[in-house]
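Worksheet: one structure, shown below.
Read-outs throughout are calculated quantities, based only on the coordinates presented, and are distinct from any laboratory measurement. On a predicted model such as this, the values are computed, not experimentally measured, just so you know. A quick note on method: Cβ atoms are made from the backbone with ideal geometry, for glycine too, and the neighbour counts reach across all protein chains shown.
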Amino acid sequence: MLKVGVVGAGDWGKNLVRIFSQLREVELAYCCDADPVRQKAVAQNHPGVKLTKHFEDIVADPSVRALIVASSAVSHYPIAKAALGAGKHVYVEKPLALSSSHADEMVALARANNLKLMVGHLLLYHSAVGHIKRLVDSGELGDVFYVYSQRVNLGRIRHDENALWSFAPHDISVILHLLGEFPVSVSARGESYLQQGIEDVVFVNMKFPNRKMAQLQVSWLDPHKVRRITIVGSRKMVVFDDVESTEKVKIFDKGVTGVSYDSYGDSITLRFGDISIPHIQMTEPLRAECQHFVDCIMKDTRPLTDGVDGARVVRILEAAQRSMKLEGEPVTLSES
Ligand SMILES: NC(=O)c1ccc[n+]([C@@H]2O[C@H](COP(=O)([O-])OP(=O)(O)OC[C@H]3O[C@@H](n4cnc5c(N)ncnc54)[C@H](O)[C@@H]3O)[C@@H](O)[C@H]2O)c1
C-alpha cells in the first residue's frame, strides 16, 4: 500500500481526499488543513484519517511516501519543497508554483532525489483531450493553424491569485500538449475591476514557431459559463466544449482549398462538409489523474504532467503577467 497525505481539503482538495481514499493501492493516512471547519468535514466523511493543521507532521512521518498538495497556490512551493526534501513523491495542484525559479527548483529537487513530481493539469487526463490529441497527431486535422479558448463564468473570485493564474494553466497545458511546441512570445492584457491589483479578466496571445497562434480568454466576471477550446486545422476544425454534458467534441469537415501565396486568391474555395460527433468513453478526469500519479510511483514511470510540464506552463504565465504590466507588449520566451 502506498501511504499518502493530502494538504488542503478546500473546495477542490476535498475531491482529491475522496479519490485518494478510494484508490485500491493507496492508504490515505493524513489530511492537513489549517481551517478547522474543513478538518471537521474530512473527519465526518473519512473517520480513519489522521488530521493535522501542520503539513510538517505529514512530512516528518517516514511511512508516508507521497504528498498531495491542494492548498492555496502561494503555499505550493514551500510545502512541495519540504516534502521532496524529505524523500516523498509529490503531486501539486496547478499552478505548480508562482515563479519559474521556484518551479525549476522543485524539478531539480525531484530529479536529484529520484522522486516523482506531478502537477494537476487536469484536462490532459480528460478523454476528450486525449481524443483530440490523437486527431492532431494522426494528421486528420491537417496542419494546425491556430487554437483559441474561453474559460469564463461568474465566480469564484479569488483573493490570493488572479484569473490568469487560476484558470489559464488549464488552457495553456492543453495548447502545449496539442501543438507539441513552446511559444516564442506571449502578450497579454488584463484588468482588475473588483479588487485592486488582481485581474478578473485576461486575454493572452501566444505566438508559436511556424506561424501557429493561440489565444485564450479567462475571466470570473462574465455572464456565461464557457469552457471551450477551438482548433483550426488546414483540413478540419474541432471544438471541445466541456460544458456540454455528452457531445463534448465536434469535428467540422470544413476548410479552404486552393490556398496559395503566389495566386491572387482566384482559386480559393470554401469547403463545407459534415459535422461529426465522435463517441468518446468518458471517465472522471480527476480519478484518472490520481491513478496516473499512483501508477507512476508504483511502476517508476514519468508522469504525463511532470514537473517539467508544470514549469513550462509557469514560464508562460509569468511572461503573460509581465506583458500585462507592459500594457500588452510581447514578451519573448525560451523553453529553459
Ligand atoms: N485542477 C482543477 O481543476 C482545480 C480546480 C480548482 C482549484 N484547483 C487548485 O486547487 C488548489 C486549492 O483550491 P481550492 O479551490 O480548493 O481552494 P480553497 O481556498 O477552497 O481551499 C484551500 C484549502 O487549503 C488550506 N490551506 C491553505 N494553505 C494551507 C497551509 N499552508 N497548510 C494547511 N492548509 C492550508 C485552506 O485552509 C483551505 O481549506 C489551488 O491550487 C487551485 O488552483 C484546481
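Loop-resident trypsin sites (Lys or Arg not before Pro) (DSSP state other than H, G, I, E or B) in segment 147-232 with no more than 13 further Cβ atoms inside 10 Å of their Cβ: Arg156. Here segment 227-335 yields Rg over Rh of 1.10, to two decimals, using C-alpha coordinates and the Kirkwood radius. Our estimate of slack between Thr283 and Glu140, defined as 0.36 nm per intervening residue step minus the Cα-Cα distance, is 49.1 nm. In terms of its alpha-carbon gyration tensor, segment 192-278 comes out oblate; a/c meets the 1.5 threshold, while b/c is at least as large as a/b. Of the DSSP H helices in the chain, those with a Cα length along their own long axis of 15 Å or more and a mean Kyte-Doolittle hydropathy reaching 1.0 comprise 163-179.
Working note: Cα atoms of segment 141-256, range along each principal axis, descending, whole Å: 45, 35, 21. Full extension of the chain between Arg322 and Gln22 yields a length gain of 103.9 nm, computed as 0.36 nm times the residue separation minus the alpha carbon distance. Summarising the overall dimensions of the chain from its C-alpha atoms, the Rg and Dmax are 21.1, 72 angstrom. Extent along the principal axes, Cα only, for segment 2-115: 39, 25, 22 Å, with the longest axis given first. Hydrodynamic estimate: the Kirkwood radius of segment 99-176 over Cα pairs, inserted into Stokes-Einstein at 20 °C and 1.002 mPa s, corresponds to D of 139 µm²/s.
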